[in-house]
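**Student:** So that we are looking at the same thing, I have put the structure below in structure tokens.
The values are calculated or read from the model by the stated rules, or taken from the named source; none is laboratory data. Worth saying up front: this structure is predicted, and the values here are computed from it rather than measured. Only protein heavy atoms, including side chains, enter the accessible area calculation; ligands, DNA and RNA are left aside. Shrake-Rupley method; radii C 1.70, N 1.55, O 1.52, S 1.80 Å.
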Amino acid sequence: MIITPEEFSNGKILLIDKPLHWSSFQAINKIKWSIIKNYKLKKIKIGHAGTLDPLASGLLIVCTGKFTKKITEFQEATKTYTGTIRLGATTPSFDMETEIDQTFSIEHITPELIEKTRQQFVGEIVQYPPMFSALKKKGKRLYEFAREGDETIEIPSRTVSIEQFNLDTSEFPNIHFEVICGKGTYIRSLANDFGKALQCGGYLTALRRTKIGEFSVDEAISPDEFVINHILKSTK
């Protein structure tokens, strides 16, 4: 599909499948500078609705022009994630960004205990964002304090909504999940808290965002595919 420079400037909603190991900033920056360079524009208004960590992949809604005003609306929408929690150990970042710091026995874990614990994480729950996150405190990102080894920083809790928390235990101690949740939910914190509630620890080993509101990752393409199919072909 050919997209004209006028359409980008006036406003487009782009569905991007952010690759693993890319930051959200890298994904949007590639698209932004490809538009500016190939259409010879001086500038373009562009933004995304909801950051994904480099260790997560999936749906990123990118808005240009007047549709950047819809970003807040998309951020408020219900989101769906799939992924994997590894039981029996913890990491400081609650995922694979940092090394395992503690290991625990999983001999006491039964299907009944997993199901009973799962039910505790449906509805409104209280979370503490991960110390390794981009939230700001005293003008600095939390991950900056974490990397400096500063453990004195207090992180305020937040109440979030979990509509569904579905589990597949067929590859135990790897627990595959699908979560449908509200704004502000940290899936890394959910993994850590779930492991803590089971008294065996847990951390996130895979994460993919599959839906934001009515938008699905099935309709999205990678930043590279977008540049090739919608920008370079349009400027030939």
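**Student:** Taking a 25 Å limit on the Cα-Cα distance, which of the listed pairs LYS18/LYS183; LYS12/LYS42; LYS30/LYS211; LYS32/LYS70; LYS32/LYS66; LYS43/LYS183 fall beyond it?
**Tutor:** Where the Cα-Cα span goes over 25 Å, the pairs concerned are LYS43/LYS183.
**Student:** Return a whole-number percent for the relative contact order of the chain, with Cα pairs under 8 Å and 6 or more residues apart as the contact set.
**Tutor:** 30 percent
**Student:** Compute the helix-to-body angle for 187-197: its Cα long axis versus the longest principal axis of the chain, expressed 0 to 90° and rounded to tens.
**Tutor:** 10 degrees
**Student:** Counting helices only, and only those DSSP H runs with n ≥ 4, report the 222 nm mean residue ellipticity of the chain as the sum of -39,500 (n - 2.57) divided by its residues, in deg cm²/dmol to the nearest 500.
**Tutor:** One gets -6500 deg cm²/dmol as the mean residue ellipticity at 222 nm.
**Student:** How much accessible area per residue does segment 39-80 have, in Å², with a 1.4 Å probe?
**Tutor:** Value returned for segment 39-80: 51 Å² of accessible area per residue.
**Student:** Counting only protein heavy atoms and using a 1.4 Å probe, what share of the accessible area of the chain belongs to carbon plus sulfur, as a whole percent? All intermediate terms of the calculation are to be shown ahead of the outcome.
**Tutor:** Details: 6340 of 12660 Å².
After summing per-atom areas, the C and S share lands at 50 percent.
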